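This report concerns only the one structure given below.
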Amino acid sequence: MIDNWWSPGAIKFSREQVEFLLAHYHLLETGLWPPECRETGYEGASSNRLSNLASYQAAIEMKVDIDARLGRLSQLEHLVICECCIEGAPEYEASRKLNLHYDIVVERKESGLNKMVDWRESWNATR
């Protein structure tokens, strides 16, 4: 479960942000940005617009960027990321469905996510 929420302008493609975008991939496909869940139980965007973009534009641009990052992965990494991160299947379920050993699923998921993280973010985190 993804506990954090980011606005489109805050996305720098850190590991957590890539996982957030993947978890909401199908919503982004529809042109909607994931709503911010608040402790009050109210879900929804505020009426104050802080961007000049059309309401759907940021979601579509992020989806295109995620698609490009998915395109950099090996076929096996792509399959595992789609199954585990986009569809939300636990690794053990993905290993059964894809007919792969559990350790391979975990390894490919980690290597795929690492490749999707912006290299500048990874480099800055080590400084």
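Coordinate-derived values only; no laboratory data. Bear in mind that the values here come from a model prediction, so they are computed numbers and not experimental data. Here Cβ is always computed from backbone atoms with ideal geometry, including for glycine, and neighbour counts include all displayed protein chains.
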Checklist outcome for this item: Neighbours of Gly112 by Cβ distance under 12 Å: Lys/Arg at +1, Asp/Glu at -1, summed charge +1
Next on the checklist: Taking θ = phi - 60°, what integer Hz values does the Karplus form 6.51 cos²θ - 1.76 cosθ + 1.60 yield along the stretch 87-93, in sequence order, with x for Gly and Pro?
Outcome noted: 7, x, 6, x, 4, 5, 6
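Quick one: net charge around Leu79, please, counting Lys, Arg +1 and Asp, Glu -1 for every other residue with C-beta under 12 Å from its C-beta.
Numbers: positive: Lys97, Arg108, Lys109; negative: Glu77, Glu83, Glu87.
So the environment of Leu79 carries a net charge of 0.
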Checklist outcome for this item: FRET efficiency (Gln57, Asn114; Cβ distance; R0 30 Å; to 0.05) is 0.55
